[in-house]
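Student: The structure that follows is given in the form of structure tokens.
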Amino acid sequence: MDHRIEAAVGHSIDTLWDQRDRGLLDEPRSRLIDAHRALAAAEMSVTFYRVLLHRLASGEFPVDTALFERIDRTVGQLADAAAARDQQHTTVLAALEPVETAARTAAPTDATDLPPRDVAALLAIAQGAKLHEHILTQRLSVVTASGTRVGYEQLQRLERGGLVVRDTAHLVHAGQPVTLTDTGRSSLAGTRRPPAATEPVPKAGAWPTAARSRH
């Protein structure tokens, strides 16, 4: 949910929580962040009872009637916490939907008005791309079939412009496919000149041309 919210709003979760505390968000975003906070709290409750259940079954306590009662009670509490978490997840989705709709229906950006680096990113994404999260640093970036990497902030800018879209049905750890929208393809096709004519020559391997073989 964090990645979907960040993509729709254009800010990190930490920034959004801070802006909510300072009263800087509009009503739809405030409702979304309040729901997200409640979801985070509900997830913590699930984690607490899951860890407790693991401890009870770890062999630390004698196996007797008292242990069975504690395990039964904890299983019930875990089930209740999971149900509350799932209900809150539905609440977040309901609050997120109008925010995502507003982001999608915002006036699309004309590719002729984009910086050359954004046009180059669209060209790379058009060849195939996936958003990945680094397993150690948790940093997000788009890896394209041509070998070009597109930063997460740049991806968010293109998403807000209605030029690209992610397939959120896939987990970001496994790679979320990123594709051009109809608006993105139309805008890119209408670009008056290729980005290479307006940019200095990039470093080797940073932006391969169509004629180069893929690595």
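The values are calculated or read from the model by the stated rules, or taken from the named source; none is laboratory data. Owing to the predicted nature of the structure, the values given are computational and were not obtained by experimental measurement. When we count neighbours, we look across all protein chains shown, and the Cβ atoms used for this are built from the backbone with ideal geometry, even at glycine. With ligands, DNA and RNA removed, areas are computed over all heavy atoms of the protein, side chains included. Shrake-Rupley method; radii C 1.70, N 1.55, O 1.52, S 1.80 Å.
Student: Six or more apart or on different chains, Cβ atoms under 6 Å: show the pairs whose first residue is in the stretch 10-25 and on the phi < 0 side of the Ramachandran plot and whose second is in a loop (DSSP other than H, G, I, E, B) and open to solvent by less than 50 Å² (accessible area, probe 1.4 Å).
Tutor: Listed by first residue and then by second, the contacts come to 19/25.
Student: Also: Which of the residues belonging to the stretch 150-170 are assigned to a strand (DSSP E or B) and β-branched (Val, Ile, Thr)? First the steps, then the outcome.
Tutor: Residues of the stretch 150-170 that are assigned to a strand (DSSP E or B), as a first pass: 150-151, 164-166.
The answer is 150, 164, 165.
Student: Out of the stretch 5-23, which residues are assigned to a helix (DSSP H, G or I), open to solvent by 50 Å² or more (accessible area, probe 1.4 Å) and not polar (S, T, N, Q)? Working first, answer last.
Tutor: Taking the stretch 5-23 and keeping what is assigned to a helix (DSSP H, G or I), we get 5-9, 13-21.
The next check asks that each one be open to solvent by 50 Å² or more (accessible area, probe 1.4 Å); those that pass are 14-15, 17-18, 20-21.
The answer is 14, 17, 18, 20, 21.
Student: Within the stretch 138-149, is even one residue under 19 Å from residue 5 (Cβ atoms), open to solvent by 60 Å² or more (accessible area, probe 1.4 Å), among the aliphatic types (A, V, I, L, M) and part of a strand (DSSP E or B)?
Tutor: no
Student: With the structure loaded, tell me whether residue 72 is over 22 Å from the mean Cα position of the chain (by Cα) and of a type outside the set (Ser, Thr, Tyr) or whether it fails that test. Write out each step before concluding.
Tutor: Values: over 22 Å from the mean Cα position of the chain (by Cα): yes; of a type outside the set (Ser, Thr, Tyr): yes.
So residue 72 fits the description; yes.
Student: Out of curiosity, is residue 33 out of contact with any Cys (no Cβ under 7 Å at 6 or more places or on another chain) and within 24 Å of residue 139 (Cβ to Cβ)?
Tutor: Working: out of contact with any Cys (no Cβ under 7 Å at 6 or more places or on another chain): yes; within 24 Å of residue 139 (Cβ to Cβ): yes.
The answer is yes for residue 33.
Student: Under 8 Å by Cβ, and 6 or more places apart or on different chains, what pairs join a residue from the stretch 139-159 that is of a type in the set (Asp, Glu) with one that is open to solvent by less than 30 Å² (accessible area, probe 1.4 Å)?
Tutor: Taking only residues 6 or more apart or on different chains, the pairs are 159/7; 159/103; 159/166.
Student: How do the helices (runs of 4 or more DSSP H) wholly within the stretch 24-137 filter down when requiring 1 or more residues that are open to solvent by less than 60 Å² (accessible area, probe 1.4 Å) and farther than 30 Å from residue 179 by Cβ: which remain? Spell out how you get there, then give the answer.
Tutor: Values: elements: 27-56, 65-104, 116-126.
Passing ranges, in order: 27-56, 65-104.
Student: Any residue in the stretch 56-83 that is without any contact (Cβ under 8 Å) to a residue 40 or more places away in the chain and under 27 Å from residue 39 (Cα atoms) sitting within a Cβ distance under 8 Å of a residue that is open to solvent by 60 Å² or more (accessible area, probe 1.4 Å) and part of a helix (DSSP H, G or I)? List the pairs, counting only those 6 or more apart or interchain.
Tutor: Once the first residue is without any contact (Cβ under 8 Å) to a residue 40 or more places away in the chain and under 27 Å from residue 39 (Cα atoms) and sits in the stretch 56-83, its partners that are open to solvent by 60 Å² or more (accessible area, probe 1.4 Å) and part of a helix (DSSP H, G or I) give 56/70; 78/50; 81/48.
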